[in-house]
1. Against the condition over 26 Å from Glu128 (Cα atoms) and part of a helix (DSSP H, G or I), how does Asp323 come out, does it pass?
2. Check off (1) among the small types (Gly, Ala, Ser); (2) assigned to a helix (DSSP H, G or I); (3) over 30 Å from Ser187 (Cα atoms); (4) more than 18 Å from the chain's Cα centre (by Cα) for Gly14 and give me the number that stays unchecked.
3. List pairs: first residue in the stretch 108-136 and under 29 Å from Arg164 (Cα atoms) and at pLDDT below 95, second residue away from the ligand (no atom under 15 Å from the Cβ) and not hydrophobic (A, V, I, L, M, F, W, C) anywhere in the structure, Cβ distance under 8 angstrom, at least six positions apart or on different chains.
4. Could you grab the pairs with beta carbons closer than 8 Å, sequence gap of 6+ or different chains, first residue in the stretch 159-174 and farther than 14 Å from Glu266 by Cβ and among the aliphatic types (A, V, I, L, M), second one at pLDDT 95 or above and surrounded by 12 or more Cβ atoms within 10 Å (Cβ to Cβ)?
5. Considering only residues that are outside any strand (DSSP E or B), closer than 24 Å to Glu351 by Cα and among the charged types (D, E, K, R), which ones fall in the stretch 164-204?
6. Any idea which of Arg206, Arg212 is closer than 27 Å to Trp337 by Cα and modelled with pLDDT under 95?
Amino acid sequence: AQVGVAIVGAGPAGLVLGNLLLDRGVDCVVLERRERAAVVGRARAGFLAPGAVETLTRNGLGDGLLERGRTHRTCRFRGEHGEFTLDYSRAGRREAHTVYPQQDLVRDLLSAFVERGGDIRFAAPVREVTRGTVRLHDGGEVRARYVAGCDGHRGVTRAALTARGTRTARWDHGVTWLAVLAAAGPSMPAVGYALHERGFAGHMARTDTVTRYYLQVPRGTDPADWSDDRIWTELATRMRTAEHGPLRTGAVLERAAVDLRCDVLERPGADRLWLAGDAAGLISPSAAKGANLAVVQAATLAPALAAALAHGDSKGLDRYADDCLPRVWRAHEFSHWMSGLLHGPVGHTPEARYGRALQYARLESLRTSRAHQDHFAESYTGI
Ligand code: FAD
């Protein structure tokens, strides 16, 4: 038997797509390489932009985030000249973020998919995708009229597309973050960005009991070299707690090294294979855009696939790249700018001093210029 759409990957992209296809009467199957517990337990993103929230709620997928998500309106910048708080909900389009852990969103999307009668297979790693045939590692096979690649940036579907000649634009910021998840309540009302000559440190409130922190570390850092004590000491130094008050500490639940790399596929699909989310392009986490782009792209792809299946109308698929890429590039441009703001050169050479002075000039412009704040706010919450 042949299904309408075989979706590879049960992250935000795959599960939004699955739900929206079921709503349109398209039969689909989601193939996920991990066990269910691993999928709903994986902490990553947390910041949802208004455009993603609107997409989810409009499609009946936003009950959990509306109920339990938190509204964040401010971010705080710290550096050698003190700190300031930017209320971005009073600038630009006057929008705020909803903070809702990605694993909670994935759990909600999964429940909605199952409630809608969706077919999902866990522990079903896909080995290869060719012209509507998805081959699993266990020898099984699924035939589909379309395959949706939602398997992240190291997935097999991207490899299948690039093997056909789809080109990639790529950038490496040369920066690595130690991403820490701590069993500690937030130490600031929302997001904190700390600029320091030892490197960037970030604070992202998640829930009352869990906070995400980031520390800029050298490329190739082994997270195991960072004990809980070392992490809290370094965070205290870079977040200048002597000046601004202590951090609420707790056990480190997770530590992982994340290289700040980006890429964008020139065309996120062709013929019978279409990609969404990180599979179609990876964005560095410096502006918290990845999960948002995944949600919005999946919501763009769903009606295009449904129209192609229902009446052979391929206009939506033909337009998919043009519908997605301007938004994707705008997010990359802002993410790139954020990366430049947050990561000054480390060290004491004249070049490092020069680079850090530019960093502070940017920050000062953001602190004092209403026009700059409007632009920042629009880009920060936009998608
Ligand atoms: P994924 O979430 O990666 O899902 C892909 C799925 O495919 C996975 O479940 C995987 O197991 C499965 N899969 C892979 N290969 C196969 C295979 N061969 N067969 C079957 N299944 C397969 N974004 C934001 O918007 N806001 C943030 O605050 C934010 N913070 C982040 C913090 C960190 C530390 C990191 C690492 C990322 C962050 N992001 C953030 C980015 C965000 O998490 C990703 O962009 C998002 O998860 C992309 O969703 P996706 O569905 O495309 O891919």
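The values are calculated or read from the model by the stated rules, or taken from the named source; none is laboratory data. Computed from a prediction, not measured in an experiment: that's the story for all the values here. Ideal geometry is used to build each Cβ from the backbone, glycine not excepted, and the neighbour counts take in all protein chains shown.
1. Taking the combined requirement at face value, the residue satisfies it.
2. The number of the failed condition is (4).
3. Arg131/Asp271; Arg131/Arg272; Gly132/Gln2; Gly132/Arg143; Gly132/Arg145; Gly132/Tyr146; Gly132/Arg272
4. The qualifying pairs are Ala160/Glu128; Ala160/Val129; Ala160/Gly149; Ala160/Leu273.
5. If the condition is that a residue be outside any strand (DSSP E or B), closer than 24 Å to Glu351 by Cα and among the charged types (D, E, K, R), then Glu197, Arg198 are the ones that fit.
6. Arg206
Per-residue answers, yes or no, for (1) in a helix (DSSP H, G or I); (2) small (Gly, Ala, Ser); (3) within 17 Å of the chain's Cα centre (by Cα):
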| position | (1), (2), (3) |
| --- | --- |
| Ile7 | no, no, no |
| Val26 | no, no, no |
| Ala45 | no, yes, yes |
| Leu56 | yes, no, yes |
| Gly60 | no, yes, no |
| Cys75 | no, no, no |
| Arg78 | no, no, no |
| Leu86 | no, no, no |
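Residue-by-condition table, conditions (1) out of contact with any helix residue (DSSP H, G or I) (no Cβ under 7 Å at 6 or more places or on another chain); (2) hydrophobic (A, V, I, L, M, F, W, C):
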{"site": "Pro12", "(1), (2)": "no, no"}
{"site": "Asp23", "(1), (2)": "yes, no"}
{"site": "Val29", "(1), (2)": "yes, yes"}
{"site": "Arg33", "(1), (2)": "yes, no"}
{"site": "Arg36", "(1), (2)": "yes, no"}
{"site": "Gly41", "(1), (2)": "no, no"}
{"site": "Arg44", "(1), (2)": "no, no"}
{"site": "Leu48", "(1), (2)": "no, yes"}
